[in-house]
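Visitor: Okay, handing you the structure first.
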Amino acid sequence: MSLLVLELSGLATFQDLGRMGFQKYGVSKGGAIDTYALAEGQAILNNDKNTAALELQHGGGKFKCLNTIWLATSGGTMEASVSNNSIPWRTSFELKPDQILTLEKRQSGVYSYLHMLGGIDCQKIMGSHSTHVPSGLGECPQSGTIINPKPTQVKINQPVYLEQPNYFNSKVIRILQSPQSGYFNPKDIESLETQLFTMTTQRDRMGARINAENFRIQAKAGLTLLSDPIIEGDIQVPVNGIPTILLADCQPTGGYPRIATVIQADLHKVGQLQPNESFRFKFVNRNEAINELARFRKKIVDIPNQLKPYVRKLDTLPNLLEYNLISGVVGENDGELH
């Protein structure tokens, strides 16, 4: 029940929900950029909510099955195939020994996830399996790495799938004024809602730089401050006036002023914005942000109710003999399986 990594075409890390409660000691939270996608894969395989998955940024990879295993995909959609036979995204599927799983040609989003039944068995440091590249915490899989699942009693009787969620089409990111908004010109704060921003290629798991044509932000109180706590979603303004949205691997403290903060319920949307994709900001108040977070969490809890049985169409199966299409025969007299 394991996978051999044959090749990777982008950054690959192991991610769960991150390291909670350690920022006061200077340790970043980390964790999956898209927590909704993480929850999707867990629901598809009936895994525990904080099991680790393989997070793929920008690129994909090739994996060889060493022992029979159930897998699932979620997050940004990619073309997926098993031994050159296409399989749908957000679906559970069984991989048999020597079969090759290929993930390539991204179709939506930036971060994709590969899940194993039981969750991935990787290093657990400070309560989390998450890889944090800047500090060297956790593991970074590479070509030749063997990925193993955790033991589980869960059995899969039928493949299931999820429809693609609509947040990949969302072009509005909701924000709150931050405690440091007062350091900025009120006109610049207002302009956050009127400017059309574009996601740039200058991004990683720590942050994503965004740009608006002919728009630069100037902090009234200077461009550097004494370092103080920062959180994921803060919109930091460095010396050049081009904002950066801080993401899951952001440092626990920072010295650049923050003009606003993305609400927690929209962080996964920011992570999945592709390079050169345009979007707008919309200010909400604290109560709205709290209510939206409650709705977001309810959506995650409700994911298992959205699962649907995946039924293969016989005319799309290239090798019918590889599939168990009949699990038993009923005798006409005794009604028992033979």
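Visitor: Compute the FRET efficiency between Ser227 and Lys187 as 1/(1 + (r/R0)^6), taking r as their Cβ-Cβ distance and R0 = 35 Å, and round to the nearest 0.05.
Guide: Numbers: r = 27 Å, r/R0 = 0.78.
My answer for the efficiency is 0.80.
Visitor: Please compute the length gained on full extension between Val154 and Lys298, using 0.36 nm multiplied by the number of residues separating them and subtracting their Cα-Cα distance.
Guide: Additional length available on full extension: 49.4 nm.
Visitor: Next question, about the same structure. Enter the per residue convex hull volume of the chain, computed from alpha-carbon coordinates, in Å³ rounded to the nearest integer. Can you show the working numbers first?
Guide: Numbers: hull volume 50.7 nm³, N = 338.
Dividing the Cα hull volume of the chain by its residues yields 150 Å³.
Visitor: Amide H to amide H, which residues 5 or more places from Gly119 or on other chains are under 5 Å from it, using H placed in the peptide plane?
Guide: Residues meeting the amide H criterion: Lys150.
Visitor: Could you give the length gained by full extension between Asn285 and Gln218, i.e. 0.36 nm per residue of separation minus their alpha carbon distance, to one decimal place?
Guide: Additional length available on full extension: 21.8 nm.
Visitor: Just the number: Rg to Rh for region 81-133, Cα atoms, Kirkwood Rh, two decimals.
Guide: 1.02
Visitor: Computed FRET efficiency, Cβ-Cβ of Glu163 and His58, R0 25 Å: what is it to the nearest 0.05?
Guide: Efficiency at R0 = 25 Å is approximately 0.55.
Visitor: Follow-up question, since we're still on this one. Shape verdict for region 1-53, please, from the Cα gyration tensor: rounded (a/c under 1.5), prolate (a/b greater than b/c) or oblate.
Guide: oblate
Visitor: How long are the semi-axes of the ellipsoid equivalent to region 196-276, from square roots of 5 times the Cα gyration tensor eigenvalues, in whole Å, largest first?
Guide: Output for region 196-276: semi-axes of 19, 16, 10 Å.
Visitor: What are the residues whose amide H is under 5 Å from the amide H of Asp234, where those residues sit 5 or more places off or on another chain and H is modelled from the backbone?
Guide: Leu246, Val262
Visitor: Compute the acute angle (0 to 90°) between the alpha-carbon long axis of helix 286-302 and the principal axis of greatest extent of the alpha-carbon atoms of the chain; round to the nearest 10°.
Guide: Roughly 10 degrees, rounded to the nearest 10.
Visitor: Taking all pairs of different Cα atoms in region 111-165, averaging 1/r and flipping that mean, what Kirkwood radius in angstroms comes out?
Guide: 13.8
Visitor: If you don't mind, another one. Exceeding 24 Å between C-alpha atoms, which entries from my cross-link table qualify? They are Lys150/Lys269; Lys24/Lys282; Lys49/Lys171; Lys49/Lys269; Lys49/Lys308; Lys124/Lys150.
Guide: Details: Lys150/Lys269 30 Å; Lys24/Lys282 30 Å; Lys49/Lys171 28 Å; Lys49/Lys269 20 Å; Lys49/Lys308 19 Å; Lys124/Lys150 12 Å.
From the list (Lys150/Lys269; Lys24/Lys282; Lys49/Lys171; Lys49/Lys269; Lys49/Lys308; Lys124/Lys150), the Cα-Cα distance tops 24 Å for Lys150/Lys269; Lys24/Lys282; Lys49/Lys171.
Visitor: With N residues in region 96-225, what two-decimal value do you get for its Cα radius of gyration over 2.2 N^0.38 Å?
Guide: 1.54
Visitor: First select every other residue whose beta carbon is under 13 angstrom from the beta carbon of Ser2; then total the charges, Lys and Arg +1, Asp and Glu -1.
Guide: Its environment carries a net charge of +1.
Visitor: A further question follows. Could you work out how far apart the two model spin labels at Gln123 and Asn85 are, taking each label as a point 7 Å from the Cα in the direction of the beta carbon, and quote it in nm?
Guide: Label at Gln123, label at Asn85, 3.8 nm between them.
Visitor: Also, quick follow-up: For region 241-249, take each phi angle, set θ = phi - 60°, evaluate the Karplus expression 6.51 cos²θ - 1.76 cosθ + 1.60, and give the result in whole Hz per residue in order, putting x for glycine and proline.
Guide: Karplus-based 3J(HN,Hα) across region 241-249 equals x, 9, x, 10, 8, 6, 10, 4, 8 Hz.
No value in this document is a laboratory result; all are computed from the given coordinates. Please read these numbers as outputs of a predicted model, since none were measured by experiment. Cβ: placed from backbone, ideal geometry, glycine included. Neighbour counts: every protein chain shown.
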